[in-house]
Amino acid sequence: MLAAEGVSVALCGRDAAAVEQAATAIGAAPIAADVSTAEGASAFVREAREILGGVDILVPNAGGPPPGRFADVSDPAEYARAFELNALSTIAMCSEAVPEMQARQWGRVVAITSLAVRQPNPALILSNTARAGVTAFLKTLAREVAADGVTVNSLQPGLHDTERLRALTGGTPVDTSGIPSGRVGTPDEFAALAVFLCSELAAYITGTAIPVDGGAYGGLL
């Protein structure tokens, strides 16, 4: 959707062939990179900067750690791996990209986290923990760089029709009884909000963490 709006896009994935195919389909620059480590995340931004001539928009979005409850995660090191994947990767990308945005007095960071930050999923304790941590980082960063023309926001997806959701459910039909909209969301519905937050019109929106969940989150705040 960003590419369709005329943005020069670089995207990455661990599988060089897969990312080449995905990038070719939308006219983007493919980068083979593994953002599950801080160094891999930083390297992605550096290569994107070299290819594009600069990075004005950053959309950090690493995959999720394995599912499980507290009783399933016996090794504390699993939390460290989840934190590196879902928090340190975003922190590393921001550390690489945001100073350049500040120097230009314009930039957008739109991180993809999870509705579990507000309403923890009992089956995803690793993701709940790591994504809550990176949300605190993003809120703090937003307040520090707002005066430099850089906005920092995050989107918290609920259930959307993605490969990740199908993997978690084993391909069985999704229970939508807890979603007031009565259905799972589409990738395009999610992307539309992300693209808006990347735009000039969204210059006065920063430090937010927005649920995109068909009304599933039941809290007042």
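What follows draws every value from the coordinates through simple rules; no lab data is involved. If you're wondering where the values come from, they're calculated on a predicted model, not measured in any experiment. Virtual Cβ from ideal backbone geometry, glycine too; neighbours counted across all protein chains shown.
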Quiz item: By how many nm would the segment from D175 to D148 lengthen if fully extended, with 0.36 nm per residue of separation less the alpha-carbon distance?
Solution: 5.3 nm
Quiz item: Over region 116-221, what is the mean sequence separation of C-alpha contacts under 8 Å (at least six apart), divided by residue count, expressed as relative contact order in percent?
Solution: 35
Quiz item: What's the extension gain from T162 to I210 if we count 0.36 nm per residue and subtract their Cα-Cα distance?
Solution: 15.4 nm
Quiz item: Using the alpha-carbon centroid of each, what span in Å lies between region 84-104 and region 12-45?
Solution: 16
Exercise. Over all alpha-carbon pairs in region 129-221, figure out the percentage whose distance exceeds 24 Å.
Key: 31
Quiz item: Given the alpha-carbon gyration tensor of region 64-156, what are the semi-axes of its equivalent ellipsoid in whole angstrom, ordered largest first, with each equal to the square root of 5 times an eigenvalue?
Solution: 29, 13, 8
Quiz item: Which whole-number percent gives the relative contact order of the chain, counting Cα pairs below 8 Å spaced six or more residues apart?
Solution: 18
Practice problem: In whole Å, largest first, what are the principal axis extents of the Cα atoms in region 1-84? | Solution: 47, 22, 22
Quiz item: Tell me, what is the percent relative contact order of region 23-86, built from C-alpha pairs under 8 Å that lie six or more residues apart?
Solution: 32
Quiz item: How much net charge surrounds A82 when only other residues with a Cβ under 14 Å from its Cβ are counted (Lys, Arg +1; Asp, Glu -1)?
Solution: -1
Exercise. Output the Cα-based Rg and Dmax of the chain in Å, rounding Rg to one decimal and Dmax to a whole number.
Key: 17.1, 49
Quiz item: Can you give the extra length, in nm with one decimal, that the chain gains between S95 and E50 once fully stretched, where that is 0.36 nm per residue apart less the Cα-Cα distance?
Solution: 14.6 nm
